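A.B. asks: Before I ask anything, let me first share the structure, which is written out below as structure tokens.
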Amino acid sequence: MPWIQLPSCWEESLSHPWCYDQGSAHQITGGWVQGCVPWPLPMDGHIDVETCSRCRSDALVHQAYSGQHLCGRHLSSSIRKRTSRELRTQLNLPKDATREDGSPFVILVAISGGKDSAVLLTMMVDIIGRRRDVELVAGCVDEGIDGYRAPSMEFARELADSLDVRFETLSYEEMGYGRMDKVVQLMPGIGERHSEANGLMPCSFCGVFRRQSLNALAEKLDADVMALGHNLDDMAQSVLMNLQKGEIERSVRLAPHTRSPIEGIVPRIVPLRWVPEQEIHAYAIHAGLPIHHGECPHAPGAMRQQSRAVVAKLESQTPGARHGLLHSLDQIRDLHRGANPDAKQEVNRCSECGEITSRDTCQSCTMRKWLAEAS
């Protein structure tokens, strides 16, 4: 097996959680993943690179949960296979998905400029992009975060253009929320006026506004389905957070929605739900996709960050733990459907904006009022 000189940027690369996993690490030189190497690092400055379990090429990732090492080519085919399987299950398109009016079936692919949505769009174009009865539209929400969203949107646009996919955007300002940076500035005052807002993190506001913005974008485009780039880690974290809070109903409502659609909401699909974040990132760099590596400046302290650390530790100690959490979700969902075979996911309409909500006034309108008072 080949020897690779230890790169000078190694220590910096270790700050990223996807660079190492279960006794192996991904060597990164100038932002490019070079191979799968042993951990801890040897002291002589040279490392022995593992070879792919399916061929003799240098391995790019180590799947601790399967015991396999995969090169770039076989990682790509593995991700494509899992994505294609989920698309068949979640989307289940007929041979001709053309609408009655002759227009194509529209899939809004929510992209952000990050690795997950970049791989999602690339895979969907590869798998179903040639179908004339289906139109893929890339949609990006501009939250208004200085130094973060503008560059990431440029990467998103670049990717869509390179794939010849229509690119649409919608901003928080267009939705009437104002820029997220301004929202963060107003949050302390909102917490003082409203006890239910006290202790909320920026992600609490941004998550509500983003969901509403995506709904509005889907309605604007007359989309039939919305595809989200949630990966295996994201799904496992969501399951864990909901279990922590005893919110089984919330878990049941997690995407995909195509088997049990929620009235008034464009069904969501999550084709990457079985693909780990580490593998998505390795593939994105290997394929040379234009992706933004920055982290949202308002994210630290969010509950998901805590769940992320817990899930990562579980996976490092018990490879396959993420898969187990997601399998548990699917079993809970099946049991729920079995116990309530005739139940429909009924929702109310917000008394102010008419959007879907479980209460009289949706959280988006409530937060909008808080912001108006604090401005």
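A.B. asks: Scan region 163-190 for residues that are β-branched (Val, Ile, Thr) and closer than 30 Å to Asp222 by Cβ and jot them down. Steps first, please.
C.D. replies: Quick first cut of region 163-190, residues β-branched (Val, Ile, Thr) only: 165, 169, 183-184, 190.
Within region 163-190, Val165, Thr169, Val183 meet the criteria.
A.B. asks: Mind checking which residues of region 163-193 are at pLDDT 95 or above and either among the hydroxyl-bearing types (Ser, Thr, Tyr) or part of a loop (DSSP other than H, G, I, E, B) (or both)?
C.D. replies: Scanning region 163-193 gives Leu163, Asp164, Val165, Thr169, Ser171, Tyr172, Arg179.
A.B. asks: Additional query: Restricted to region 225-247, and to residues that are surrounded by fewer than 19 Cβ atoms within 10 Å (Cβ to Cβ) and among the charged types (D, E, K, R), which residue is farthest from Arg259 (Cα to Cα)?
C.D. replies: Lys245
Residue by residue, here is whether (1) assigned to a helix (DSSP H, G or I); (2) in contact with a Ser or Thr (Cβ under 7 Å, 6 or more places away or on another chain); (3) modelled with pLDDT of 95 or more; (4) of a type outside the set (D, E, K, R) holds:
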residue	(1), (2), (3), (4)
Pro290	no, no, yes, yes
Ala299	no, no, no, yes
Arg304	yes, no, no, no
Val311	yes, no, yes, yes
Arg322	yes, no, yes, no
Gly338	yes, no, no, yes
Lys344	no, no, no, no
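A.B. asks: Filter region 180-195 down to residues that are of a type in the set (D, E, K, R) and under 28 Å from the mean Cα position of the chain (by Cα) and give me whichever is nearest to Lys369 (Cα to Cα). Don't jump to the end; show me each part of the working.
C.D. replies: Applying the first criterion (of a type in the set (D, E, K, R)) to region 180-195 yields 181-182, 192-193.
Applying the additional criterion that residues be under 28 Å from the mean Cα position of the chain (by Cα) yields 181-182.
Details: Asp181: 17, Lys182: 15 Å.
Taking the candidates together, the pick is Lys182.
A.B. asks: Please go through (1) exposed (fewer than 14 other Cβ atoms within 10 Å of the Cβ); (2) of a type in the set (S, T, N, Q); (3) under 18 Å from Ser213 (Cα atoms) for Gln363 and return the number of the only condition it doesn't satisfy.
C.D. replies: Of everything listed in (1) exposed (fewer than 14 other Cβ atoms within 10 Å of the Cβ); (2) of a type in the set (S, T, N, Q); (3) under 18 Å from Ser213 (Cα atoms), Gln363 misses just condition (1).
A.B. asks: Of all the residues that make up region 347-360, how many are more than 13 Å from Asn215 (Cβ to Cβ) and of a type in the set (Asp, Glu)?
C.D. replies: Counting residues in region 347-360 that are more than 13 Å from Asn215 (Cβ to Cβ) and of a type in the set (Asp, Glu) gives 2.
A.B. asks: Please work out if Cys350 is in the same structural domain as Ala236 (by TED's automatic domain parsing), touching a strand residue (DSSP E or B) at 6+ places or on another chain (Cβ under 7 Å) and free of Cβ contacts under 8 Å to residues at least 40 places away in the same chain. If you could, list the steps in order and put the result at the bottom.
C.D. replies: Values: in the same structural domain as Ala236 (by TED's automatic domain parsing): yes; touching a strand residue (DSSP E or B) at 6+ places or on another chain (Cβ under 7 Å): yes; free of Cβ contacts under 8 Å to residues at least 40 places away in the same chain: yes.
Yes; evaluated as a whole, the condition is true for this residue.
A.B. asks: Cβ-Cβ distance below 8 Å, separation of 6 or more or different chains: which pairs start in region 203-219 with a residue that is under 17 Å from Asp181 (Cα atoms) and part of a helix (DSSP H, G or I) and end on one that is aromatic (Phe, Trp, Tyr) and modelled with pLDDT of 95 or more?
C.D. replies: Listed pairs, sorted by first residue: Phe209/Tyr172; Ser213/Tyr172.
A.B. asks: If we keep just the residues of region 145-199 that are polar (S, T, N, Q) and touching a residue at least 60 places away in the same chain (Cβ under 8 Å), which is surrounded by the most Cβ atoms within 10 Å (Cβ to Cβ)?
C.D. replies: If we take residues in region 145-199 being polar (S, T, N, Q) and touching a residue at least 60 places away in the same chain (Cβ under 8 Å), then Ser152 is surrounded by the most Cβ atoms within 10 Å (Cβ to Cβ).
A.B. asks: Continuing with this model, one more query. Does region 91-115 hold any residues that are surrounded by 10 or more Cβ atoms within 10 Å (Cβ to Cβ) and of a type in the set (Gly, Ala, Ser), and which are they?
C.D. replies: Correct list: Ala97, Ser103, Ala110, Ser112, Gly113, Gly114.
A.B. asks: Which members of region 159-170 meet the condition of being more than 19 Å from the chain's Cα centre (by Cα) and either farther than 27 Å from Val225 by Cβ or not β-branched (Val, Ile, Thr) (or both)? Step through it out loud before you land on a result.
C.D. replies: Keep residues of region 159-170 that are more than 19 Å from the chain's Cα centre (by Cα), which gives 161-166.
The answer is Asp161, Ser162, Leu163, Asp164, Arg166.
A.B. asks: Just give me the residues in region 112-135 being closer than 30 Å to Lys95 by Cα and either touching a Gly at 6+ places or on another chain (Cβ under 6 Å) or in a loop (DSSP other than H, G, I, E, B) (or both), in sequence order.
C.D. replies: Taking region 112-135 and keeping what is closer than 30 Å to Lys95 by Cα, we get 116-135.
The answer is Asp116, Ser117, Leu120, Gly129, Arg130, Arg131, Arg132, Asp133.
The values are calculated or read from the model by the stated rules, or taken from the named source; none is laboratory data. Since the structure is predicted, the reported quantities are computational estimates derived from the model, not experimental observations. All Cβ positions, even for glycine, are placed from backbone atoms using ideal geometry, and neighbour counts span all protein chains on display.
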